[in-house]
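**Q** One structure is given below, represented as structure tokens, and several questions about it will come after.
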Amino acid sequence: MDSVASALGRLESLAATAPIARLATAFAAAGQELALVGGPVRDAFLGRPVNDLDFTTSASPDEILEIVKPIASATWEIGREFGTIGARVAGEKVEITTYRADSYSGESRKPTVQFGDTIEGDLVRRDFTVNAMALRLPGLQLVDPAGGVEDLIAQRIVTPASAEISFGDDPLRMMRAARFASQLGFTVDEKTVEAMIALAPRLDIISVERISEELGKLLLTDRPRAGLQLLVDTGLAELVIPELPALKLEIDEHAHHKDVYEHSLTVLEQAIDYEKSRGHSPDLVLRLASLLHDIGKPATKRVEAGGVVSFHHHDVVGAKLAGRRLKALRFDNDTIAAVARLTELHLRFFGYTEAAWTDSAVRRYVRDAGPLLERLHILTRADVTTRNRRKADRLAFAYDDLEHRIAALAEAEGVAALRPDLDGEAIMRVLELRPGREVGEAYRFLLELRLDEGPLGEDEAERRLRAWWAERNA
């Protein structure tokens, strides 16, 4: 964190930008209080980019709309029931919320919204002290009733009110504590952690959609390990994603095997490193797959003769478990399917190191991965966590070779498409068929030829197709 003087200088510069200056002038002219609040103020102190412009005000939602419409190119009221009005001002998206003092009733999945009358009252009801600071506009007065600056300096996550009250008001804040531990690299205060352990069951009143959204935000941070460990250590993971703590496999005295939980966190970290080195943006599908790729191991763990530990078919079992968990968390169908497929395929490469693959095997690897191929490359590489440098190098060299072969085949054959030489219409013309099951069978026959032998050309494909059809109907 930079000095307080530097942070205040950044806030002053930020306040002078067009969207903030226009809002400050408009609210002052209407006789209403306005302050930049939460994340933007925190990030200015941390020297981080300010991406979201959030404001709090004494104005009611109706009054907010009346004030901002003359200076906004667009407004929206999707958060109106919570006192929030969105607008686009000077090209920037902003959100302005009436002072609030809401809480959960104890059983409801939604907070009871109550509007407040002071900025101090609004700030002390917020989740953590580092997010409970505001900059009054246009006077540029810092409001910090809970000591957020001190906690920023100490790199500490702590609630403004007692943790029991704060988490009782909104139990999702317990997951937000884990997310901010990862996002900011801060330590969660000991009493706050104790409250998370005690109040973990309260998370049950939060909607699944809010929980999965928060889990996604945690996974998309640069360093999600700390937050995930906190979820596991406090018991929250048992309510959100119980397959994760289940990876702490029991190590018996005869069959020593590394902790699959720690392995999975390391795979996630390494996948993030590959994500960055290969020029990709944070990818929730890849990160979920990295975290969940081995969740089939507890169910498939066996101690074989001689004390050897095995996890036969944990890829297939894990794919089903991953799909089931993500469906329960109400992730979208595309994400569920992609994570399950990556989990199912994550072991496929390891046969490559045992025997030389034919071009047909390489084509099938590409075909089976489909649009997930790049993610599968990263997941497979990240899955190597052995400390045996010779083994790690051997696997890395083997995967380099596989990627080179894929690239060579793609250049020579267009292997990325992997379609038969004849499409469905051509098949129907050659065999004089109408649309139906037999066309699908013929298509699959040609696809197998394409995978086994590469491009045949239309003439040869037609000759092979006619021969197959004649034999099939003999």
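**Q** What's the number of the condition Arg367 fails, among (1) open to solvent by 20 Å² or more (accessible area, probe 1.4 Å); (2) free of Cβ contacts under 8 Å to residues at least 60 places away in the same chain; (3) within 24 Å of Thr343 (Cβ to Cβ); (4) of a type outside the set (A, V, I, L, M, F, W, C)?
**A** With (1) open to solvent by 20 Å² or more (accessible area, probe 1.4 Å); (2) free of Cβ contacts under 8 Å to residues at least 60 places away in the same chain; (3) within 24 Å of Thr343 (Cβ to Cβ); (4) of a type outside the set (A, V, I, L, M, F, W, C) applied to Arg367, the lone miss is (2).
**Q** Thr221 - would you say it is within 23 Å of Thr335 (Cα to Cα) and not in a helix (DSSP H, G or I)? Please lay out each step first, then the result.
**A** Details: within 23 Å of Thr335 (Cα to Cα): yes; not in a helix (DSSP H, G or I): yes.
In short, yes.
**Q** Inside region 51-95, can you point out the residues that are buried (at least 20 other Cβ atoms within 10 Å of the Cβ), touching a Leu at 6+ places or on another chain (Cβ under 7 Å) and hydroxyl-bearing (Ser, Thr, Tyr)?
**A** Thr57
**Q** Tell me, yes or no, whether region 291-305 has at least one residue that is at positive phi and either in contact (Cβ under 8 Å) with a residue 12 or more places away in the chain or not in a helix (DSSP H, G or I) (or both). It would help to see each step written out before you state the result.
**A** Keep residues of region 291-305 that are at positive phi, which gives none.
Looking through region 291-305, none of the residues is at positive phi and either in contact (Cβ under 8 Å) with a residue 12 or more places away in the chain or not in a helix (DSSP H, G or I) (or both).
**Q** What is the one condition in (1) open to solvent by 50 Å² or more (accessible area, probe 1.4 Å); (2) in contact (Cβ under 8 Å) with a residue 60 or more places away in the chain; (3) under 22 Å from Arg223 (Cβ atoms) that Val285 does not satisfy?
**A** Tallying (1) open to solvent by 50 Å² or more (accessible area, probe 1.4 Å); (2) in contact (Cβ under 8 Å) with a residue 60 or more places away in the chain; (3) under 22 Å from Arg223 (Cβ atoms), Val285 fails exactly one: (1).
**Q** Out of the residues in region 18-50 that are free of Cβ contacts under 8 Å to residues at least 24 places away in the same chain and more than 14 Å from Ala134 (Cα to Cα), which is least open to solvent (accessible area, probe 1.4 Å)?
**A** To start, the set of residues in region 18-50 that are free of Cβ contacts under 8 Å to residues at least 24 places away in the same chain comprises 29, 31, 43, 48-49.
So of that shortlist, the ones also more than 14 Å from Ala134 (Cα to Cα) come out as 29, 31, 48-49.
On the way: Ala29: 91, Gly31: 65, Arg48: 88, Pro49: 96 Å².
Checked region 18-50; the qualifying residue least open to solvent (accessible area, probe 1.4 Å) is Gly31.
**Q** Then there's this: Tally time: how many residues in region 404-415 are assigned to a loop (DSSP other than H, G, I, E, B) and exposed (fewer than 15 other Cβ atoms within 10 Å of the Cβ)? If you could, list the steps in order and put the result at the bottom.
**A** Let us first name the residues in region 404-415 that are assigned to a loop (DSSP other than H, G, I, E, B), namely 414-415.
With the extra rule that they be exposed (fewer than 15 other Cβ atoms within 10 Å of the Cβ), the set shrinks to 414.
Selection size over region 404-415: 1.
**Q** Being in contact (Cβ under 8 Å) with a residue 40 or more places away in the chain, surrounded by fewer than 23 Cβ atoms within 10 Å (Cβ to Cβ) and either in contact with a Lys or Arg (Cβ under 6 Å, 6 or more places away or on another chain) or not acidic (Asp, Glu) (or both) narrows it down to one of Pro201, Pro138, Pro160, so name that one. Step through it out loud before you land on a result.
**A** Working: Pro201 fails: in contact (Cβ under 8 Å) with a residue 40 or more places away in the chain; Pro160 fails: in contact (Cβ under 8 Å) with a residue 40 or more places away in the chain.
Only one candidate passes the filter, namely Pro138.
**Q** For Trp357, only one of the following conditions fails: (1) crowded, with 17+ Cβ neighbours inside 10 Å; (2) part of a helix (DSSP H, G or I). What is its number?
**A** Among (1) crowded, with 17+ Cβ neighbours inside 10 Å; (2) part of a helix (DSSP H, G or I), Trp357 violates only (2).
**Q** Could you grab me the full set of residues in region 166-190 that are more than 22 Å from the chain's Cα centre (by Cα) and more than 30 Å from Gln32 (Cα to Cα)?
**A** Matches in region 166-190: Phe167, Gly168, Asp189, Glu190.
**Q** Could you list, in sequence order, the residues of region 423-456 that are surrounded by 13 or more Cβ atoms within 10 Å (Cβ to Cβ) and basic (Lys, Arg)?
**A** Result: Arg450, single match.
**Q** Residue under question is Val339, and the condition is that it be open to solvent by less than 10 Å² (accessible area, probe 1.4 Å), free of Cβ contacts under 8 Å to residues at least 60 places away in the same chain and β-branched (Val, Ile, Thr); does it hold?
**A** Details: open to solvent by less than 10 Å² (accessible area, probe 1.4 Å): yes; free of Cβ contacts under 8 Å to residues at least 60 places away in the same chain: yes; β-branched (Val, Ile, Thr): yes.
In short, yes.
**Q** Return yes or no: is Phe167 modelled with pLDDT of 95 or more and surrounded by 19 or more Cβ atoms within 10 Å (Cβ to Cβ)? Spell out the reasoning first.
**A** Details: modelled with pLDDT of 95 or more: no; surrounded by 19 or more Cβ atoms within 10 Å (Cβ to Cβ): yes.
Answer is no for this residue.
**Q** Also, quick follow-up: Could you say whether any residue in region 457-472 is at pLDDT below 85 and open to solvent by less than 20 Å² (accessible area, probe 1.4 Å)?
**A** yes
**Q** Also, I was wondering about something else. Being at pLDDT 95 or above, in contact with a Pro (Cβ under 8 Å, 6 or more places away or on another chain), open to solvent by 10 Å² or more (accessible area, probe 1.4 Å) and more than 30 Å from Ala29 (Cβ to Cβ), is that true of even one residue in region 182-196?
**A** No.
**Q** Quick one: in region 291-308, which of the residues that are under 18 Å from Ala246 (Cβ atoms) and open to solvent by less than 30 Å² (accessible area, probe 1.4 Å) is nearest to the chain's Cα centre (by Cα)? Lay out the reasoning, then the answer.
**A** Of all residues in region 291-308, those under 18 Å from Ala246 (Cβ atoms) come to 291-303.
Now drop any that are not open to solvent by less than 30 Å² (accessible area, probe 1.4 Å), which leaves 291-297, 300.
Numbers: Leu291: 10, Leu292: 12, His293: 15, Asp294: 18, Ile295: 17, Gly296: 21, Lys297: 22, Thr300: 27 Å.
Ranking the candidates gives Leu291 first.
**Q** Are any residues in region 141-154 open to solvent by 50 Å² or more (accessible area, probe 1.4 Å) and touching a residue at least 60 places away in the same chain (Cβ under 8 Å), and if so, which ones?
**A** Leu142, Ile153
**Q** Can you tell me which residues in region 170-180 are of a type in the set (Lys, Arg) and either touching a Cys at 6+ places or on another chain (Cβ under 7 Å) or open to solvent by less than 20 Å² (accessible area, probe 1.4 Å) (or both)? Please lay out each step first, then the result.
**A** Filtering region 170-180 for residues of a type in the set (Lys, Arg) gives 173, 176, 179.
Arg173, the sole residue that qualifies.
**Q** Kindly evaluate Gly216 against the criterion of being closer than 18 Å to Phe128 by Cα and either among the small types (Gly, Ala, Ser) or crowded, with 21+ Cβ neighbours inside 10 Å (or both).
**A** Spelling it out, it is not the case that Gly216 is closer than 18 Å to Phe128 by Cα and either among the small types (Gly, Ala, Ser) or crowded, with 21+ Cβ neighbours inside 10 Å (or both).
**Q** Which condition does Glu411 not pass, out of (1) at pLDDT 85 or above; (2) out of contact with any Phe, Trp or Tyr (no Cβ under 9 Å at 6 or more places or on another chain); (3) among the acidic types (Asp, Glu), if it passes all the others?
**A** (1)
The values are calculated or read from the model by the stated rules, or taken from the named source; none is laboratory data. A quick note: this is a predicted structure, and the numbers were derived from the prediction, not measured. Cβ coordinates were reconstructed from backbone atoms using ideal geometry, including for glycine residues, and neighbour counts include every protein chain displayed. Please note that ligands, DNA and RNA were not included when accessible areas were found on the heavy atoms of the full protein model with its side chains. Shrake-Rupley method; radii C 1.70, N 1.55, O 1.52, S 1.80 Å.
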